[in-house]
Amino acid sequence: MKDFRSLKVWEKAHQLALALYTVTASFPRQEAYGLASQIRRAASSIPSNIAEGCGREGDPELARFCIIARGSATELEYQLLLARDLKLIQAKDYEKLSAQTVEIKRMLTVFVQKLTLNADHARQPNRPLWLRPPAALVRISGVWPWVRLHRSLEMLFVVTGGER
């Protein structure tokens, strides 16, 4: 069990939720139960899911809740775009809030990768890391897909491996 308050990604998500509560307070009254409410729920869902994952047992559970939090951040990203296009928030506020949301999504992605790698290492401690398939891959019809990230081109290659 981890203390969620010690995670930078939780702190940034919490600050974003606070900022969005302030921004949505100026929305028109007819949006109180519409877009304003959706934005608030999505924004508060991000740090809430991180906190809940920290209260669960082990890194795989925390990773699962961080993936859910990342989904909420993606939902929020669209809702901010919609609010900008409906002229409910100014373009400069949108740019700042959207950038914060994208940064949180990136932090969550890296955190999930780290947690997944740690969990994979715990399952196969004697196998070198470069020989292990990423834990997030799913066995599809008896064949293991292998993923290689070619760093110089920053492209993702999927190669189908054999039976294991």
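The values are calculated or read from the model by the stated rules, or taken from the named source; none is laboratory data. Model, not experiment: these values are computed from the prediction. Because the Cβ atoms are built from the backbone with ideal geometry, glycine has one as well, and the counts that use them run over all protein chains shown.
Things worth noting here:
- Qualifying residue in segment 18-35 (condition: at pLDDT 95 or above and acidic (Asp, Glu)): no
- Take the conditions (1) touching a residue at least 40 places away in the same chain (Cβ under 8 Å); (2) part of a loop (DSSP other than H, G, I, E, B); Gln38 misses just one of them, which is (2).
- Residue among Leu97, Leu18, Leu80, Leu88 that is hydrophobic (A, V, I, L, M, F, W, C), farther than 30 Å from Asn118 by Cα and not in a helix (DSSP H, G or I): Leu88
- Members of segment 71-107 found to be touching a residue at least 12 places away in the same chain (Cβ under 8 Å) and within 11 Å of the chain's Cα centre (by Cα), listed by number: Ser72, Ala73, Thr74, Glu75, Thr101, Val102, Glu103, Ile104, Lys105, Met107
- Of the residues making up segment 78-110, just one is closer than 26 Å to Ala51 by Cα, of a type in the set (Gly, Ala, Ser) and in contact with a helix residue (DSSP H, G or I) (Cβ under 9 Å, 6 or more places away or on another chain), namely Ser98.
- Taken across segment 21-41, residues that are of a type in the set (Asp, Glu), surrounded by fewer than 19 Cβ atoms within 10 Å (Cβ to Cβ) and closer than 27 Å to Leu7 by Cβ do not occur at all.
- Being in contact with a Ser or Thr (Cβ under 6 Å, 6 or more places away or on another chain), assigned by TED's automatic domain parsing to the domain that holds Ala19 and of a type outside the set (Phe, Trp, Tyr) holds for only one residue in Glu77, Glu57, and it is Glu77.
- Qualifying residue in segment 111-126 (condition: among the polar types (S, T, N, Q), crowded, with 16+ Cβ neighbours inside 10 Å, in a helix (DSSP H, G or I) and at pLDDT 95 or above): no
- Flag if Gly34 is closer than 29 Å to Leu117 by Cβ and of a type in the set (Gly, Ala, Ser): no
- Taken together, Thr109, Thr101 contain a single residue that is over 22 Å from Lys2 (Cα atoms) and of a type in the set (S, T, N, Q), which is Thr101.
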